[in-house]
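Asks: Before I ask anything, here is the structure I am working with.
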Amino acid sequence: MSNVRGAIDTSTLEGLQLLLMALTVILAIGTLEIKKLLYAVLSFCGMCVSIGALYWLLDAHYIAVYQLLVYAGGIVTLFIAALTLTTLKEEKK
């Protein structure tokens, strides 16, 4: 099994980590500031995926998979389902 760290320069890896950290912060701010709820949930999903990618780069593979499955998969699905149900009730009134 090849090691990813051996194939990528340390400076490239650090640059990628900084890029993912900046993306995470931008998406977190977007989650709070976006007025449309669906776009805020999608921003939250992107934030969870970027955090999972950060964990993967830090060789915490189990936590990265857990992050992607539980937060980016499960929680965002619940948010979208709740959003859909509440939107339908509001439209019927």
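Laboratory data are not the source of any read-out in this text; all were calculated from the coordinates shown. No experiment lies behind these values; they were computed from the predicted model shown. All Cβ positions, even for glycine, are placed from backbone atoms using ideal geometry, and neighbour counts span all protein chains on display.
Asks: Condition test on residue 22, is it surrounded by 12 or more Cβ atoms within 10 Å (Cβ to Cβ), over 30 Å from residue 87 (Cβ atoms) and of a type in the set (A, V, I, L, M)? Spell out how you get there, then give the answer.
Replies: On the way: surrounded by 12 or more Cβ atoms within 10 Å (Cβ to Cβ): no; over 30 Å from residue 87 (Cβ atoms): yes; of a type in the set (A, V, I, L, M): yes.
It is false that residue 22 is surrounded by 12 or more Cβ atoms within 10 Å (Cβ to Cβ), over 30 Å from residue 87 (Cβ atoms) and of a type in the set (A, V, I, L, M).
Asks: Follow-up. Please list, ordered by residue number, the helices (runs of 4 or more DSSP H) wholly in the range 6-93 having 2 or more residues that are of a type in the set (Gly, Ala, Ser).
Replies: Here the list reads 10-33, 37-57, 76-92.
Asks: Whether any residue in the range 49-61 is surrounded by fewer than 17 Cβ atoms within 10 Å (Cβ to Cβ), in contact (Cβ under 8 Å) with a residue 24 or more places away in the chain and within 13 Å of the chain's Cα centre (by Cα) is what I want to check.
Replies: No, there is no match, as no residue in the range 49-61 is surrounded by fewer than 17 Cβ atoms within 10 Å (Cβ to Cβ), in contact (Cβ under 8 Å) with a residue 24 or more places away in the chain and within 13 Å of the chain's Cα centre (by Cα).
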